[in-house]
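The values are calculated or read from the model by the stated rules, or taken from the named source; none is laboratory data. What you are looking at is a predicted structure, and each value in this text was computed from that prediction instead of being measured. Cβ placement follows ideal geometry from the backbone for every residue including glycine, while neighbour counts extend to all protein chains displayed.
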């Protein structure tokens, strides 16, 4: 009988220990991020904007871009859709590719849709690979711009969240955007689940970005083999991609 009582007591201690472990484990576990991000140093990594292929046809998606790059002995390292577009897949607003203006800046202030949620903005790279994100209102064209895409709304403006975003908003979608980190590198991010503008902007702010721009919504895709993301489908306009020479 004493042995039975002893066994029961030992079993109780073991169960309590297991119970304590089960309770504590979730508290110590790191919560998986709702966002997937990728950092790019434009001075070291080759970043380009793409719209039409050598045959003057829209790339449309990452699979088409990847296939054409492979014929040029290039490997697609990262890709993300790079802004909003019209029904014919032409860029909505400003688009500059290799120094050439392909689409003019849109200064309309009372249009419909996210693009016109003022202030909207422009993300551009200079010919010496310096990234800049600014509001459309203060943007000034210069011949030193290599690539540019206009979109909207701005997510962060000088470290502040867009004044029209509301915490807890039910306006949720998959979203992608770009910001500039304190070290001067670019932070590209896409939500893994539907999110509102406020939470998306908060993500960039938490990373230390001062300025960040929303690129697009439910059509958003990312190609990032290093993190096992292969979203090669889609049908959209401008693509931003990083490449390297094949070994």
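What to note about this one:
- Qualifying residue in the range 52-74 (condition: assigned by TED's automatic domain parsing to the domain that holds residue 216 and closer than 30 Å to residue 161 by Cα): no
- Taken together, 113, 121, 152 contain a single residue that is within 23 Å of the chain's Cα centre (by Cα), assigned by TED's automatic domain parsing to the domain that holds residue 48, over 24 Å from residue 43 (Cα atoms) and touching a residue at least 40 places away in the same chain (Cβ under 8 Å), which is 152.
- Counting the residues of the range 141-156 that are in contact with a strand residue (DSSP E or B) (Cβ under 9 Å, 6 or more places away or on another chain) and over 8 Å from residue 121 (Cβ atoms) gives 10.
- Filter result (surrounded by fewer than 14 Cβ atoms within 10 Å (Cβ to Cβ) and touching a residue at least 24 places away in the same chain (Cβ under 8 Å)) within the range 57-85: 70, 73
- Test: residue in the range 167-175 that is out of contact with any helix residue (DSSP H, G or I) (no Cβ under 6 Å at 6 or more places or on another chain) and more than 24 Å from residue 193 (Cα to Cα): no
- Screening residue 132 against (1) outside any loop (DSSP other than H, G, I, E, B); (2) under 19 Å from the mean Cα position of the chain (by Cα); (3) without any contact (Cβ under 8 Å) to a residue 40 or more places away in the chain leaves a single unmet condition, (3).
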